[in-house]
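Visitor: This is the structure, below, for whatever I ask next.
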Amino acid sequence: MHIVIMGCGRVGSALARALEKQGHSVAVVDQDPTSFRRLGAGFNGRRVTGVGFDQDTLKEAGIEEAGAFAAVSSGDNSNIIAARVARENFGVENVAARIYDPRRAEVYQRLGIPTVATVRWTADQMLRRLLPSGAEPLWQDPSGAVQLAEVAYAPDWVGRRLSELEEASGARVAFLTRLGEGVLPTSQMVVQEGDLVHVMLRRADLTAVEAAFAQGPEKEGH
C-alpha cells in the first residue's frame with residue numbers, strides 16, 4: 001500500500017519508518033525540508049516539501065494512488081483540513097488526524113475523520129487506524145487465557161447488531177469507543193461507522209474471532 005504522511009516531526013518520522021519497514025511505500029510531506037533529516041539515510045520513500053493540504057503537493061506525494069493518509073503536523077486546523085482533502089477530494093479510504101485539543105476530537109469524528117488525541121497518542125495507535133486488521137490485545141488475565149482486544153471488523157458489520165457480531169464470533173463485546181468515548185453495549189445497539197470494538201475472548205479463540213470479524217455477516221438467504 002502507498003501511504004502519505006503530512007508532518008515529519010518525531011512521530012511522523014517514526015510512523016514513516018515503521019510503515020516502510022512493514023513493506024509499504026511511503027511519502028512524507030513537510031513545509032520544512034530540514035525536517036526530513038529525522039527520517040535517516042535508510043529511508044527510501046518520497047520527501048515532498050510543501051503544504052500538506054495543497055492538492056498539487058498531495059498529488060506529488062502520490063495521494064491519487066494512496067490507500068491511507070496520516071495528518072500529524074503540529075497544527076490541529078492543518079491536520080483536519082488535510083485529512084478532509086485526502087478523504088473528500090481524493091477518496092482515500094483510511095485517514096487519521098492528530099489532534100492536540102481533545103475537545104475538538106468529537107467534532108472531527110462526526111466529520112468522519114478518525115482522530116488521535118495527543119494525550120494518548122503514539123505511532124502504534126496511528127498505525128492501528130491506518131492499517132485496521134486483526135486484533136490488538138489490550139489486557140490479559142494473569143494466566144494469559146482470557147484477553148481484552150480491539151478487533152478490526154469488515155465494513156459490512158456497520159448497521160448490524162452487536163449481538164450478531166457476538167453470535168458469529170463467539171466473543172463478548174465489552175465496550176465500544178464511539179466518537180472518542182467509551183460506550184457500554186446494550187442488547188439493541190448496532191455497529192456505527194468509526195466504532196472501535198473491544199471484545200473479551202479466550203486467547204485460544206483469537207484467530208477464529210479475527211476471521212469472523214473480517215468475514216462480515218452472512219448474507220440473507222445463505
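The values are calculated or read from the model by the stated rules, or taken from the named source; none is laboratory data. Just so you know, these numbers come straight off a predicted model, no measurement behind them. FYI the Cβ positions are ideal-geometry reconstructions off the backbone, even for glycines, and counts take in every protein chain you see.
Visitor: Would it be correct to say that F69 is in contact with a strand residue (DSSP E or B) (Cβ under 6 Å, 6 or more places away or on another chain), buried (at least 17 other Cβ atoms within 10 Å of the Cβ) and over 17 Å from V92 (Cβ atoms)? Let's see the steps before the verdict.
Guide: Working: in contact with a strand residue (DSSP E or B) (Cβ under 6 Å, 6 or more places away or on another chain): yes; buried (at least 17 other Cβ atoms within 10 Å of the Cβ): yes; over 17 Å from V92 (Cβ atoms): no.
Criteria not met by F69.
Visitor: Any chance the range 180-201 includes a residue that's farther than 19 Å from R160 by Cβ, in contact with a strand residue (DSSP E or B) (Cβ under 9 Å, 6 or more places away or on another chain) and at pLDDT 90 or above?
Guide: Start the filter on the range 180-201 by keeping residues that are farther than 19 Å from R160 by Cβ, which leaves 180-182, 200.
Going one step further and asking which of them are in contact with a strand residue (DSSP E or B) (Cβ under 9 Å, 6 or more places away or on another chain), we end up with 180, 182, 200.
Now restrict to residues that are at pLDDT 90 or above: 200.
Yes: one or more hits.
Visitor: Follow-up. In this structure, does G45 turn out to be touching a helix residue (DSSP H, G or I) at 6+ places or on another chain (Cβ under 8 Å), at positive phi and free of Cβ contacts under 8 Å to residues at least 40 places away in the same chain? Give the steps one after another, and end with the answer.
Guide: Values: touching a helix residue (DSSP H, G or I) at 6+ places or on another chain (Cβ under 8 Å): yes; at positive phi: no; free of Cβ contacts under 8 Å to residues at least 40 places away in the same chain: yes.
No.
Visitor: Same structure again: Take G216 and tell me if it is among the small types (G, A, S) and farther than 16 Å from R160 by Cα.
Guide: Working: among the small types (G, A, S): yes; farther than 16 Å from R160 by Cα: no.
Answer is no for this residue.
Visitor: Can you list the strands (runs of 3 or more DSSP E) found entirely within the range 1-114 that contain at least 2 residues being under 28 Å from Q192 (Cβ atoms) and not charged (D, E, K, R)? Give the steps one after another, and end with the answer.
Guide: Details: elements: 2-6, 25-30, 46-49, 66-71, 94-99.
Fully inside the range 1-114 and qualifying: 2-6, 66-71, 94-99.
Visitor: Please go through the range 169-222 and pick out each residue that is over 23 Å from the mean Cα position of the chain (by Cα) and basic (K, R).
Guide: R202, R203, K219
Visitor: What single numbered condition from (1) at positive phi; (2) surrounded by fewer than 21 Cβ atoms within 10 Å (Cβ to Cβ) fails to hold for P33?
Guide: For P33, the failing item is (1).
Visitor: Which of the numbered conditions does Q31 fail, given that it passes all the others? Conditions: (1) touching a strand residue (DSSP E or B) at 6+ places or on another chain (Cβ under 9 Å); (2) touching a residue at least 24 places away in the same chain (Cβ under 8 Å); (3) polar (S, T, N, Q).
Guide: The number of the failed condition is (2).
Visitor: Follow-up. All but one of (1) in contact (Cβ under 8 Å) with a residue 24 or more places away in the chain; (2) within 18 Å of H2 (Cα to Cα) hold for K59, so report the exception by its number.
Guide: Condition (1) is where K59 drops out.
Visitor: Looking for something in contact with a Leu (Cβ under 9 Å, 6 or more places away or on another chain), at pLDDT 95 or above and either within 23 Å of Y100 (Cα to Cα) or surrounded by fewer than 19 Cβ atoms within 10 Å (Cβ to Cβ) (or both) - is there at least one such residue anywhere in the range 72-80? Break it down into steps so the answer makes sense when it comes.
Guide: Of all residues in the range 72-80, those in contact with a Leu (Cβ under 9 Å, 6 or more places away or on another chain) come to 72, 80.
Applying the additional criterion that residues be at pLDDT 95 or above yields none.
Within the range 72-80, none of the residues are in contact with a Leu (Cβ under 9 Å, 6 or more places away or on another chain), at pLDDT 95 or above and either within 23 Å of Y100 (Cα to Cα) or surrounded by fewer than 19 Cβ atoms within 10 Å (Cβ to Cβ) (or both).
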